[in-house]
1. Test each condition in (1) part of a loop (DSSP other than H, G, I, E, B); (2) more than 23 Å from the chain's Cα centre (by Cα); (3) surrounded by 15 or more Cβ atoms within 10 Å (Cβ to Cβ) for E24 and report the one that comes out false.
2. Output the number of residues of segment 44-84 satisfying the condition of being of a type in the set (V, I, T), within 19 Å of T110 (Cα to Cα) and not in a loop (DSSP other than H, G, I, E, B).
3. Being in contact with a Phe, Trp or Tyr (Cβ under 9 Å, 6 or more places away or on another chain) and without any contact (Cβ under 8 Å) to a residue 60 or more places away in the chain narrows it down to one residue among I101, I105; which is it?
4. In segment 303-320, what residues are within 23 Å of G337 (Cα to Cα) and among the aromatic types (F, W, Y)?
5. So which residues in segment 319-334 are surrounded by fewer than 21 Cβ atoms within 10 Å (Cβ to Cβ) and either of a type in the set (A, V, I, L, M, F, W, C) or out of contact with any helix residue (DSSP H, G or I) (no Cβ under 6 Å at 6 or more places or on another chain) (or both)?
6. Scanning for something without any contact (Cβ under 8 Å) to a residue 60 or more places away in the chain, within 28 Å of K146 (Cβ to Cβ) and not polar (S, T, N, Q), does segment 34-51 turn up at least one residue?
7. Can you name every residue in segment 353-362 that is under 20 Å from P316 (Cβ atoms) and surrounded by fewer than 16 Cβ atoms within 10 Å (Cβ to Cβ)?
Amino acid sequence: MSDLSFTKWVACWGTATSITDRKEATYAKNLTLRYPVRVVFSGSKLRFHFSNLTGSETVNISRAYVAKKNDDGDYSPIAITLEGKTQLSIPAGQEILSDSIDFTIEAGQTVEVSMYFKDFTQMNAGTLVTGPLSKGQFAYGDFADKENFPDDFCRNTNWYYFLNTIDVLTEEKNHALVCYGDSITAQSWPDYLAQRAWEQGFHNVAVIRRAVCGTRILRQYDCITYAAYGLKGQTRFPIELQVAGASDVIIQHGINDIIHPVGVEVNKFRPWSDMPTAQEMENGVEELYIKHARKLGLRVWSGTLLPIFGWRTYEPFRDEVRNAFNDWLRTCPDFDGCIDFDKAVRNPKKTEAFAEGFDSGDHLHPSEAAYKAMADQVPESLLK
């Protein structure tokens, strides 16, 4: 295919950036991170978004590379640059876009993005994600331009630091589908949706995950105990919906607003005043999500909230809020449609609980089989 066919920038991979878990050790040095990404579009150029949104210090990436992962032994890393420089500096609280680089890619090929941090680096900007397509590596030492990490000095990781989005210059027909949410979306169903699209021959859509564990629509925590539960929707959504070539967004968000409050006598950081009504959640989605998405020209799809029966803070009044909110998600005309994830995974005879085999065991997060069922629930029209 001629490079003249490639005229549109479209995100081919993406995750959110949030506050990493606050622990005793928050710095790293002499560290290489590597993230493999399957690129679903053919294209002629790549560019990379890096984020230090939740960091309080400048992050300096000493060197960064992208390389195709081939079986023929031809590993040819290309430097990722910013204004022609190989060191990428990301100021605290900001995001950067790299220079575009010439990079011929064919649909279905895997690239690896590697970053080396020579000096002490604050590791406060990242996101934990899991799924069959989501696994990185880290190694102690400088191996950013090497094909393989030494076995003795590397481990797998599901924490994605600093790398936020990859765009490819591709054909006009291609587009991105954004999946927005919390830990349920940070887990497997977007990966299964991407696999489904590829296996069913829908090769003009990329699934972009924007999900942060623990997040709520209306509120956020300002203590280090729960800082990793991320930013509230008002802050997150406008930042995370900056996705090149996006056509649609699926919003599956709100369960943490319902299950977190327990009262200050139980937990000083989780007062009852944080407990929303269904109406407050509906207003939040309308004002914070739908209106902004429409300004971006996106189609907006609601995703119903999943069962919570048996979760450690479960009470019938919480389910009343969830059910009222779900009823609104199913019927609100402001959405282009509803993806009824709840119906896909609940027990038809006990609708407040997961169906048999669909509970991960904590009564909040689905099993892998349930995540596949969620992916199958997405209408085919969104993948075309």
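1. Status for E24: all satisfied but (3).
2. 2
3. I101
4. none
5. At the first step, the residues of segment 319-334 found to be surrounded by fewer than 21 Cβ atoms within 10 Å (Cβ to Cβ) are 319-320, 323-324, 327-328, 330-334.
Matches in segment 319-334: D319, E320, N323, A324, D327, W328, R330, T331, C332, P333.
6. no
7. Listed by number, the list holds a single entry, D362.
Okay, residues lined up against (1) closer than 30 Å to F341 by Cα; (2) within 18 Å of the chain's Cα centre (by Cα):
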residue: D145; (1), (2): no, no
residue: P150; (1), (2): no, no
residue: C154; (1), (2): no, no
residue: Y160; (1), (2): yes, yes
residue: E171; (1), (2): no, no
residue: D182; (1), (2): yes, yes
residue: D191; (1), (2): yes, yes
residue: G201; (1), (2): yes, no
residue: A206; (1), (2): yes, yes
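The values are calculated or read from the model by the stated rules, or taken from the named source; none is laboratory data. What you see is a predicted model; the values in this text were computed from it and never measured. Note that we place each Cβ from the backbone using ideal geometry, even for glycine, and neighbour counts take in every protein chain shown.
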